[in-house]
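Only one structure is covered here, and it is reproduced in the block below.
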Amino acid sequence: MNCMLERYFRTCLIIIVLFSVAGFDSVRPDDGLAKELIQKGIEKFENEDFLGAILEFNKAIKKDTSYAEAYYYRAYAKYELEDYKGAIKDAIIAVQKNPSNPDYSFLCGMIREKTGQPEEAYKYYKQATTIDADFFQAYMEMARIKIASKEPVSAIEHLSEAIRVNTESALAFALRGELYLQQNKNQQACNDLNQSLRLGYSLQYDKKVQELVNTYCK
């Protein structure tokens, strides 16, 4: 189910990037022009003009080098352009300038995964949940890493945290249910798999969960 998990996050991560940062940024630029440039950059980012967005973020940073949010957005634009070396450099600067923003750590994790460093990515996702104990996406990413490394107990723990935060996640229930099946915990597995179906899993993703229920939950 890892591919489904990746598709799910590709859809929601843009929302995280564009709308969740401001609430954690306690240090805002005093320069009104820097704010205006950031907004222009975000608009270009939304229109997938990543190079144009980077130019606006460059201008904002030139106006105010302390503006962590500008480095964060520029890092994400570089990420979209697959400039992972430049992206991680900017993302780390954002973390250094404002370590209290969980989204900055989360982006570092995303970049580390893209460069084949899942263990480093995991540390950043963990850091994000330390800052924000209700960071649903970070728990899901940690679970995915543990699933890939064949550590079902840890994966289940992260999925349980994700479900605590979002009890409507059909995907989280489906993934946890499959892991329970692998551990021969059929009752817990069936509870989760059936819940994922009630939440519309087969409509959102595929029919695998229904097939598992038909086979193991008679």
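The values are calculated or read from the model by the stated rules, or taken from the named source; none is laboratory data. Keep in mind that this is a model prediction, so the values were computed, not measured. When we count neighbours, we look across all protein chains shown, and the Cβ atoms used for this are built from the backbone with ideal geometry, even at glycine.
Taken over the range 34-52, the criterion of being surrounded by 13 or more Cβ atoms within 10 Å (Cβ to Cβ), over 21 Å from the mean Cα position of the chain (by Cα) and of a type in the set (A, V, I, L, M) is satisfied by Ala34, Leu37, Ile38. Condition check: surrounded by fewer than 16 Cβ atoms within 10 Å (Cβ to Cβ), modelled with pLDDT of 90 or more and either among the basic types (Lys, Arg) or more than 30 Å from Ile147 (Cα to Cα) (or both). Does Asn98 satisfy that? When the stated conditions are applied, Asn98 does not pass them. Taking the condition surrounded by 15 or more Cβ atoms within 10 Å (Cβ to Cβ), in contact with a His (Cβ under 7 Å, 6 or more places away or on another chain) and within 21 Å of Ala87 (Cβ to Cβ), does Met110 pass? So Met110 fails the test. The residues of the range 200-218 that are without any contact (Cβ under 8 Å) to a residue 60 or more places away in the chain, at negative phi and surrounded by fewer than 18 Cβ atoms within 10 Å (Cβ to Cβ), listed by number, are Ser202, Leu203, Gln204, Lys207, Gln210, Glu211, Asn214, Thr215, Tyr216, Cys217, Lys218. Screening the candidates Ala128, Ala68, Ala138, Ala75 for the property of being buried (at least 16 other Cβ atoms within 10 Å of the Cβ), over 22 Å from Ile156 (Cα atoms) and modelled with pLDDT of 95 or more yields one hit, Ala75.
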